[in-house]
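Read the figures in this text as sums done on the coordinates, not as results from a lab. Note that this is a predicted model, so its numbers are computed, not measured. So basically every Cβ, Gly included, is an ideal-geometry build from the backbone, and we count neighbours across all protein chains shown.
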Amino acid sequence: MATRTSVGSGLWSSVGTWDTGVPVDGDDVVIASGHVIEFDANQSAFVTGVKVTITGTLTHTTAAGSYCLFLKTGASVVGAGTWNIGTSGAPIPFASKHTVTGAAGWYVDGVSGLTMTVYGAEPTYTSIKLSADEAIGQTELSVDTDVTGDIWAAGDIIRIDDINRGQESEERIIATGGIAAGTITVTAGLTAAKSTGAVVSLITRNIRIIAVGTGSYTIYRVGTGSVTKLTVAGGMWYGVNKNMFNACLYLVVSGGTISGNSDGITGCSNLVVSGGVFSGNSNGISSCSNSVVSGGVFSGNGGGINSCSNSVVSGGTISGNAYGIINCSNSVVSGGTFNGNSYDIANTTGNLFGVELTAAIEHYQYTNITNGWHSLQSDNHDAVEGAVKAWCKGGVVTSQTAIKPDGYTQACAHALESATYPAFWYKKFTVPAGQTYSIEVQLRKSASMAYLPRVYLMASIGNPLAGATPVDTFTMTNSIDTWESDTFTVDNSAGDYDLDYALWFVAKNASGNVYSAYDITTQGGGTSSVKILPFTGKVGL
């Protein structure tokens, strides 16, 4: 074993690049500060591998051919320099095939400040769907998209993730001549039947990062401050029984495939995902707080998005997972397609906006929510204008039209399940400067209750269940099957600023139903009162 240190910029394969010759199996390699080394070697025959310390810059050749960087066990890539396997301006072209792998347990440790980018060839169609049911043993799969002109090719790995999570998620190899206009033929038959609509993802890319052996991670601590140090815009990130990315803060993912890992990405707070395929992992992303997901395909995972508190999901496909989103407290979901998950949402708090949930059980384990003053509220539920649904530790609230006050188009029904924890929902509204609002609130219950249903008028984002002081309250009597009402007034006629408020409708009982509704009108803004937009009549929202 020798240590080879760069003496100038140049090709990895060039003798003149190094102080003591081109690195061989077992060497330690140092890329010195100020040097740019272009990797153009094939180390696939190495057994021990090399350790690489990057103080300068390591790039990978864009020339056609097959290349392999084979790394030692342990912290095989370290340093405070830059490692570019392609860049945004010069991605690795399809004809240039790069593999990064190594001896069992190899990994990258970015704790010293390593910057890493991966940009490779991405297909036009990262995922397609089965266009027919496919039986056990089937090798010719009917698909809904023609990929004959795309980079899908014989020998590539695909993954078929059924929309019924009860069916197995399976990897297969595309057979020789297996790409046709309406079919893909694989080398081995399915071991479990697949349904029409099952997601078929292309896993193989021209850049392959292959984890080997067991362990906690492969890409570790590349990004430990508040600046993005790791950008993934391509590549096949593939492993078994270990996490691919761990503790890589401010990681950005816009492409590539992360497949077959324990967790694809875990412990990477402030993660940003706008693309890529997360398929066949225990979890697609896990324990990544304060993250933003605006795209990507999460399919065939145990959990698509797991334990990512204070996160925002505004897009992407979440399909064929055991759990689409699970254990994500205080999160916001305003977009994305949910399809064929066993459970779309589980044990999650925060807000949904205009999202259509398709699982038979939309929110699983909502009674496991940590405390009684958090909930998951869905406004414009299932993409229906004005519909509301809220899952609370004490029950479920659903907008409906069967029981409502006279003159109202709907009200919310609180299906109560606990004498300890409330079932509630809230409605935020803004009173503009120069306006006065009159708010009529209505309550009704189906049985005698020790805790009487009530409405809180709250300033700003105050939560009355967490101890915030209300502006006004209304508590109904112990009447049964009778609507009771009260009116709140918010006077901002002399104000210079808009004021934010919220109505909280709260009920609590071991069983029974409570119904709630509201109506807001303006006063003093013209010759007659008008309803607050966008509503055109009295509603229970």
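What the table shows:
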read-out	value
Alpha carbon convex hull of the stretch 89-189, volume per residue in cubic angstrom	175 Å³
Fewest-first sequence of VAL77, VAL514, VAL111 by Cβ atoms within 10 Å of each Cβ	VAL111, VAL77, VAL514
Cβ-derived FRET efficiency at R0 35 Å, ALA360 paired with THR469, nearest 0.05	0.25
At q = 0.07, 0.08, 0.09, 0.13 Å⁻¹, base-10 log of I(q)/I(0) for the chain (Debye sum, equal scatterers on each alpha carbon)	-0.51, -0.64, -0.75, -1.14
Alpha-carbon Rg with Dmax, taken over the stretch 397-523, Å	14.8, 46
Extension gain, ASP25 back to SER142 (0.36 nm per residue minus Cα-Cα distance, nm)	37.6 nm
Nearby aspartates and glutamates by direct alpha-carbon distance to LYS242 (threshold 12 angstrom, same-chain neighbours under 8 apart not counted)	ASP263
Reachable lysines from LYS393, criterion Cα separation under 26 angstrom, eight or more residues apart if same chain	LYS404, LYS427, LYS428, LYS445, LYS508
Least to most buried among PHE353, PHE338 (fewest other Cβ within 10 Å first)	PHE353, PHE338
Fewest-first sequence of SER399, SER378 by Cβ atoms within 10 Å of each Cβ	SER399, SER378
Reachable aspartates and glutamates from LYS389, criterion Cα separation under 19 angstrom, eight or more residues apart if same chain	ASP344, GLU356, GLU362, ASP379, GLU417, ASP519
